[in-house]
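Notes for the one structure printed next.
The values are calculated or read from the model by the stated rules, or taken from the named source; none is laboratory data. Here the structure is a predicted model, which is why all the values come from computation and not from measurement. Quick reminder, even Gly has a Cβ in these numbers, built from the backbone with ideal geometry, and neighbours come from all protein chains shown.
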Amino acid sequence: MTLRRLLLLAGTLLILFLGMYSWNQRTRFLDDLAAKLGLEITGAVLTPIRSAQDTAESMWDRYFDLVSVREENEALKQKVAELEARLLANGEDLAELKRLRALVQLPVDQTWRPLGARVLSGRMGPNAVLDSITISRGYSTGGRPGTPLVTHLGLVGRVLKASAHSSIVLLLTDPSSRIAVFSQETRAPGILVGMGTGQKLEVNFVQRDAKVKPGEILITSGLDGKYPKGIPVAKVLKVAPSDYTQFMAIKADPLVDLQHLEEVLLLEPTGAPRPLDLGEAPKEFIGPPAPKSATP
Amino acid sequence: MAGAIILQAAVPGLDVLTVGLIILLQERDYKNMLWLLPLFILLQEGMGTRPFGAVIVWYAAVIVLFKMGRWLFEVENFIFVFLLSACLGAAYYAVAWLMAPLQNLPLDVQGTLDRSLIQAIFVPFAWRLLVATRHWNPHDQEN
């Protein structure tokens, strides 16, 4: 093959590729096809593998339990007697525990329905450049693109793309992640930006007069329309006036350990109307009180 | 294929299927490549997070580098695969560098360098292992 033919072939292939690329940018046809087929096959392979892994791990644990069960049995019987006595004395502690459990429940109303999902893997393949995980729910099982993900500790991220039974989740640490947040105590609004795996998060656009303190919890404000309001996201580590902008430079740490996730909760919108906190609006409009001179 | 997916789940950023593509090219098995290559592309694009297109460029780079190497070397040789994998490591970084501004994504220089190095180290050893297992297969020997 002559050099001229080679160049001609390379040029034709390049034009074809760029044509396909720009057509796909407009229609998203190939992205959808790859998500529906490629991601579905990946999920179908990894789901039984994870189940088998769980079964093997539990069998291994049970074997070890059996080995030491005789020795432990005697000791446990003795402990049970002690603990029963202690349990009776700790009735008040149990009541407190119930109250605390209710307190740490996720602050979501009936407009969001939590759905459990298994983490199948971290980022996979040469094309996985974003900080992401793959989970065992897809668009037909509650994991549609945009669905927020949480654990009992706080926010994880949101679904980026989905096949029927698996989806890829963009973690809040990814540099392309933006989340509208409030500081919990001072209610200072800002935008939480990911800086990459293992890096601290940054909070941008917080006014200089805001009284945000280190240790304060950042919660979702819901102003971006992507996440429900009130989900804990990160803890403030460092607050200082920025050298380059007119805002504060705030560093934060995610509340959830994103490197060791096993199970997550998807918050699926139910479509139910949001309950009103301030009571029902009056049926008739009541204007401001009339001035004294106008009253008869 | 399932083994490749499991391995890719264990090692972030690694492309295990490249080794399969190299073996197909070495054996000039273009019939199987005709259906396997689109499947590889769909799989990698599906499990990835970049917009569609980068894997096509990546596999095109693998094929072009292989064809260029064929002019100079004996392709069944381990040294050839070793040199090819070193070039593939560079190509891995080049594709990430090329596609990042095109797809409006940030380029993690250190992370991409690490992953391209892992890819370069992985290919020759996986190729050697796969070729060895293929030679043990009696069906292949009959052919």
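Among the residues of the range B:81-105, which ones are loosely packed, with under 15 Cβ neighbours inside 10 Å and not hydrophobic (A, V, I, L, M, F, W, C)?
B:PRO101, B:ASN104, listed by residue number.
What strands (runs of 3 or more DSSP E) completely inside the range A:197-265 contain at least 3 residues that are under 23 Å from B:ASP108 (Cα atoms)?
The qualifying strands (runs of 3 or more DSSP E) are A:201-204, A:248-254.
Within the range B:1-16, which residues are under 19 Å from A:ASP131 (Cβ atoms) and under 13 Å from the mean Cα position of the chain (by Cα)?
B:GLN8, B:GLY13, B:LEU14, B:ASP15
Look through B:ARG50, B:ARG28 and report the one residue that is crowded, with 21+ Cβ neighbours inside 10 Å and of a type in the set (D, E, K, R).
B:ARG50
Here are some conditions: (1) free of Cβ contacts under 8 Å to residues at least 24 places away in the same chain; (2) more than 11 Å from chain A (Cβ to nearest Cβ). B:PHE40 meets all but one. Which one does it not meet?
(2)
Would you be able to say whether some residue in the range A:160-167 is closer than 18 Å to B:LEU105 by Cβ, within 15 Å of the chain's Cα centre (by Cα) and among the hydrophobic types (A, V, I, L, M, F, W, C)?
Yes.
Give me the residue from the range B:1-15 that is more than 7 Å from every other protein chain (Cβ to nearest Cβ) and farther than 16 Å from A:GLN259 by Cα and, out of that set, surrounded by the fewest Cβ atoms within 10 Å (Cβ to Cβ).
It comes out as B:GLY3.
I'm told B:PHE78 meets every condition in (1) within 11 Å of another protein chain (Cβ to nearest Cβ); (2) touching a residue at least 12 places away in the same chain (Cβ under 8 Å); (3) over 11 Å from the mean Cα position of the chain (by Cα) except one. Can you identify the failing condition by its number?
Result: B:PHE78 passes all but (1).
Looking at (1) without any contact (Cβ under 8 Å) to a residue 60 or more places away in the chain; (2) more than 9 Å from chain B (Cβ to nearest Cβ); (3) crowded, with 24+ Cβ neighbours inside 10 Å; (4) not small (Gly, Ala, Ser), which one does A:ARG178 not meet, given that it meets all the others?
The single condition A:ARG178 does not satisfy is (3).
Please go through (1) within 24 Å of B:GLY3 (Cβ to Cβ); (2) within 9 Å of another protein chain (Cβ to nearest Cβ); (3) of a type in the set (Phe, Trp, Tyr) for A:TRP60 and return the number of the only condition it doesn't satisfy.
The failed condition is (2).
Looking at B:TYR92, B:TYR59, can you tell me which residue is facing another protein chain (nearest Cβ under 8 Å), within 22 Å of A:TYR21 (Cβ to Cβ) and modelled with pLDDT of 90 or more?
Only one candidate qualifies: B:TYR92.
Test A:SER132 against the stated conditions and say whether it is among the hydroxyl-bearing types (Ser, Thr, Tyr), more than 7 Å from every other protein chain (Cβ to nearest Cβ) and closer than 17 Å to A:GLU262 by Cβ.
It is false that A:SER132 is among the hydroxyl-bearing types (Ser, Thr, Tyr), more than 7 Å from every other protein chain (Cβ to nearest Cβ) and closer than 17 Å to A:GLU262 by Cβ.
Of the residues B:ARG50, B:ARG70, B:ARG28, only one is closer than 21 Å to A:TYR21 by Cα and at pLDDT below 90; which?
B:ARG50
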